[in-house]
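Only one structure is covered here, and it is reproduced in the block below.
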């Protein structure tokens, strides 16, 4: 990959800085959304937990 030009580096720093500044606000939006969803529908009737098996079922080995 070719090295970045000074303009590209400057733009990259600006974008990464903006993301860093927005991170707490985005975390807050996610937390509020989670709370609201639990208040609106405390029991999720459509939730099916993933199936967990204790023994891994391996296909049989082919005969030699």
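See the values below:
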{"quantity": "Helix 6-40 axis, angle to the chain major axis (alpha carbon atoms, nearest 10°)", "calculated": "50 degrees"}
{"quantity": "Gaussian network model of the chain, Cα within-10 Å springs - most flexible of 42, 50, 24", "calculated": "50"}
{"quantity": "Theoretical ellipticity at 222 nm over the chain - DSSP helices of four or more residues, -39500 (n - 2.57) apiece, nearest 500", "calculated": "-20000 deg cm²/dmol"}
{"quantity": "The chain shape via C-alpha gyration tensor axes, a/c threshold 1.5", "calculated": "oblate"}
{"quantity": "Of 29, 40, 52, the one that fluctuates the most in a GNM where the chain has Cα springs shorter than 10 Å", "calculated": "52"}
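A short reminder: the numbers here are calculations on the coordinates, not readings from a lab. Note that this is a predicted model, so its numbers are computed, not measured.
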